[in-house]
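Asker: Before I ask anything, here is the structure I am working with.
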Amino acid sequence: MKRLVSLALMMTSLAACASHAPKPPGSVASIDVQYEDNPTSPKPKAAADEPAFWKNKKDLIQAPPPPQAAALALPNITRWKLKNGLDVIVVPREDLPVVSFSVAIKAGGYDEDKAQSLGVADFTAAMLRKGTLAGKGKKARSADDISAAIDFVGGGLDASASLESTTAGCSVLAKDTGLCLDLLSDILLRPAFPESELGEVRDEMLAALAQRYDNPRELAGEHFDNLLFGEKNPRGWALTPEDVQKITRDKLLTYWKTYYRPNNALLTVAGDVDPAKLRPLLEKAFGGWAKADVPARPAFKMAALKATRVLIVDKPDLTQSTILLGHRGLRHADPLWFAATLMNYVLGGSDFSSRLMTEVRSKRGLTYGVGSSYGASLYDGAFEVSASTKNESVWEALVAIVGEVRKMKNDGPTAAELAKGKGYYAGSYPFNLQTPAGVAAGIVEAELHGLGIDYVRDFTLRMAAVDEAHAKEAALTLLDPDTVLVVIVGNGDAVEKQIAPTGLRWERINFKDPISHAARAALKKQPASP
């Protein structure tokens, strides 16, 4: 059974050379690390010893100045509601003859019943393309009919679900707008959920569940979410083959009828369209979609992480371990989100220049890559640090990572580091939204999280407004290196040798054991077979 611990790791000294593993601590305290100069490292040459070429700074190629933050120049966005409550946002662009339609249903894994219909959101989305019913002058379509129709015009039609929402989209050349609307409205308003197609979708979901045991990062993530968010939060629920087997056509229909409603959806249109001419087309395609009351989502809470918890997931054939470390994060709409995101860019959100990459990879040679993130979620999310290292260097990597988190919490980022992060976002954010579809996707995310279109327009300005004091406040308030959740997927024997002498309380399980800690606890309580 998983045990809560009051943390736990202490190191009196640690050589900077990665080949010398640190000795386990002799007493229980907090994770700490001391940095020492490597006496074997060559000293930098004196200026007098440098070639004359390098003394002449004018001969060197100068880096261009970082991009300046500015409000994003959005197209002339048009917005209205259909009579049935469907919210419509149109992002026009006439220079490319393509158009994309996307319907975001405000329902996903957060709206499932853990005991009765876990996995139904994904299953429902996957079944949308498997056939439609006849009605109001519409002929029934099979899965093959739908595929043939969209493939004939070289378009795309898909649907997928996440915890927060379900998205169905269609993209075609502008001349095929009518077909796109016809297919998209068909699969949303008249899905058949044919029994003959259930088996294929079920097999695909079961195969995906089996594959996670061969993906250490995914397996670590499943365990991390389960332990951090707990059994009362949908993000902590672990889907099992038994859950998938329990999903029936009736459950799909119930979920679809309950949540797939126009007043619970947002339609975005991006590309070569005329908003005035589009209105009657949308009324024709989606006007028959009946609105209805939709159950309100409960307010989900996270399980309290009162002390550090460590889980070793033993996969004996692995030559390296995957480490996932973190704690409670924050929601996208939190006032500290911009400051936290910029601070995290300095800590581990950038590529090879972050503090974590510099310390853990460049100086110590413990990993090829290490990074951290906060994400952007509707509810409180997670702060995560992930890395892979040799089984034998797990402890050293862990101490180095937490040492950098501690330094960031205590000191915060410097003004120079923040300036670099601001330049990155000033250049990358507009680039990611340079297409109408990109702008529409950004707007959808903002709308689903209650942020509005202003968030998209002013993103880089909001980042630029984060000063050193705000970033230090985010680091001091949000980072907690003394209370972390650590999941390690690797060779259990090699990892356990490093963790056991530390005085840290931990649990070791087999990689095929249930991901749910509640399920594992229940199995331990069962009487032994005679």
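The values are calculated or read from the model by the stated rules, or taken from the named source; none is laboratory data. Since the model is a prediction, treat every value here as computed from it, not as a measurement. Here the Cβ is made from the backbone with ideal geometry for all residues, glycine too, and neighbour counts use every protein chain on show. Note: areas computed on protein heavy atoms with side chains; ligands, DNA, RNA excluded. Shrake-Rupley method; radii C 1.70, N 1.55, O 1.52, S 1.80 Å.
Asker: Return, for the Cα atoms of the chain, the radius of gyration and Dmax in Å, separated by a comma.
Answerer: Cα radius of gyration and Dmax of the chain are 26.4, 87 Å respectively.
Asker: Using the Karplus equation 6.51 cos²θ - 1.76 cosθ + 1.60 (θ = phi - 60°), what ³J(HN,Hα) coupling, rounded to whole Hz, does each residue of segment 115-121 give in order, writing x for Gly and Pro?
Answerer: 7, 10, 9, 5, x, 5, 5
Asker: With a 1.4 Å probe and all protein chains left in place, how much of the accessible area of the chain comes from carbon and sulfur atoms, in whole percent? Could the numbers behind the result be given before it?
Answerer: Details: 13520 of 25030 Å².
Result for the chain: 54 percent of the exposed heavy-atom area is carbon or sulfur.
Asker: Kindly report, to the nearest 10 Å², the accessible surface of His327 as traced by a 1.4 Å probe over protein heavy atoms only.
Answerer: His327 has an accessible surface of roughly 10 Å² with all protein chains in place.
Asker: Grab the beta carbon distance between Ala416 and Glu242, set R0 = 45 Å, and tell me the FRET efficiency rounded to 0.05.
Answerer: On the way: r = 53 Å, r/R0 = 1.19.
FRET efficiency, Ala416 to Glu242: 0.25.
Asker: Right, here's the next one. In the full protein assembly as shown, how much of Val310 is accessible to a 1.4 Å probe, in Å² to the nearest 10?
Answerer: It works out to around 10 Å².
Asker: Rounded if a/c is under 1.5, else prolate if a/b is larger than b/c, else oblate: which is segment 61-169, with a ≥ b ≥ c the root eigenvalues of its Cα gyration tensor?
Answerer: prolate
Asker: Residues in segment 379-398, backbone N under 11 Å from the label point at Lys497 (7 Å along the Cα-to-beta-carbon vector): list them, ranges by number please.
Answerer: Residues 391-393 fall inside that zone.
Asker: Now for a separate question. What is the sum of charges around Ser377, taking Lys and Arg as +1, Asp and Glu as -1, for the other residues whose C-beta is under 15 Å from the C-beta of Ser377? Working shown, then result.
Answerer: Working: positive: Lys106, Arg235, Arg297, Lys301, Arg328, Arg331; negative: Glu164, Asp225, Asp334, Asp380, Glu384, Glu445, Glu447.
Result for the neighbourhood of Ser377: -1.
Asker: I need the trypsin sites (Lys or Arg not before Pro) found in segment 433-530, filtered to DSSP loop residues with at most 15 other beta carbons within 10 Å of theirs.
Answerer: Values: sites: Arg457, Arg462, Lys472, Lys497, Arg505, Arg508, Lys512, Arg520, Lys524, Lys525; in loops: Arg505, Lys512.
Qualifying residues, ordered by number: Lys512.
Asker: Given the pairs Lys232/Lys390; Lys106/Lys232; Lys139/Lys291; Lys232/Lys512; Lys390/Lys472; Lys106/Lys525, which span a C-alpha to C-alpha distance of over 28 angstrom in this model?
Answerer: Working: Lys232/Lys390 35 Å; Lys106/Lys232 20 Å; Lys139/Lys291 23 Å; Lys232/Lys512 23 Å; Lys390/Lys472 33 Å; Lys106/Lys525 39 Å.
Where the Cα-Cα span goes over 28 Å, the pairs concerned are Lys232/Lys390; Lys390/Lys472; Lys106/Lys525.
Asker: OK, next. How many nm is it between the label spots at Asp480 and Lys114, if each spot is 7 Å from the Cα in line with the beta carbon?
Answerer: Rounded to a tenth, the inter-label distance reads 2.0 nm.
Asker: With a Cα-only, solvent-free Debye model of segment 447-514, what are the log10 I(q)/I(0) values at q = 0.29 Å⁻¹?
Answerer: -1.23
Asker: A follow-up question, please. What is the extension gain from Arg79 to Ala465, computed as 0.36 nm multiplied by their sequence separation minus the C-alpha to C-alpha distance, in nm to one decimal?
Answerer: Numbers: separation 386, 0.36 × 386 = 138.96 nm, distance 2.89 nm.
Length difference between fully extended and current span is 136.1 nm.
Asker: Here's another thing I want to ask about it. Compute the helix-to-body angle for 216-229: its Cα long axis versus the longest principal axis of the chain, expressed 0 to 90° and rounded to tens.
Answerer: 90
Asker: Right, another one. Rounded to the nearest 10 Å², what accessible area does Lys409 show when all protein chains are kept and the probe is 1.4 Å?
Answerer: Near enough 50 Å² of accessible area.
Asker: Additional query: Short version: ³J(HN,Hα) in whole Hz for each residue of segment 87-104, in order, from phi by Karplus 6.51 cos²θ - 1.76 cosθ + 1.60 (θ = phi - 60°), x for Gly and Pro, what are they?
Answerer: With the stated coefficients, segment 87-104 comes to 7, 10, 10, 10, 10, x, 7, 9, 7, 10, x, 10, 8, 10, 10, 9, 10, 9 Hz.
Asker: Please report, in debye to the nearest 20, how large the charge dipole of the chain is about its Cα centre when each Lys and Arg carries +1 at its beta carbon and each Asp and Glu carries -1 there. Intermediate results must be reported in sequence, preceding the final value.
Answerer: On the way: 63 positive and 63 negative charges, 165 e Å.
With Lys and Arg at +1 and Asp and Glu at -1, about 800 debye.
Asker: Once segment 182-299 is represented by equal point scatterers at the alpha-carbon sites, with solvent omitted, what log10 I(q)/I(0) does the Debye formula produce at q = 0.14, 0.17, 0.19 Å⁻¹?
Answerer: After summing over all Cα pairs, the log10 values are -0.90, -1.08, -1.14.
Asker: Between segment 74-131 and segment 451-514, what is the C-alpha centre distance in whole Å?
Answerer: A separation of 31 Å, based on Cα centres.
Asker: Any idea of the accessible area per residue across segment 436-505, 1.4 Å probe, to the nearest Å²? Don't skip to the end; give the middle numbers.
Answerer: Numbers: 2630 Å² over 70 residues.
On a per-residue basis, segment 436-505 sits at 38 Å².
Asker: Here's another thing I want to ask about it. Over the Cα atoms of segment 346-457, each weighted equally, I'd like the Debye log10 I(q)/I(0) at q = 0.14 Å⁻¹, rounded to two decimals.
Answerer: Taken in order of the listed q values, log10 I(q)/I(0) reads -0.72.
Asker: Now, a different point. Using amide H atoms built 1.01 Å from N in the peptide plane, name the residues 5+ places from Gly371, or on other chains, whose amide H lies under 5 Å from its own.
Answerer: HN-HN under 5 Å from Gly371: Ser386.
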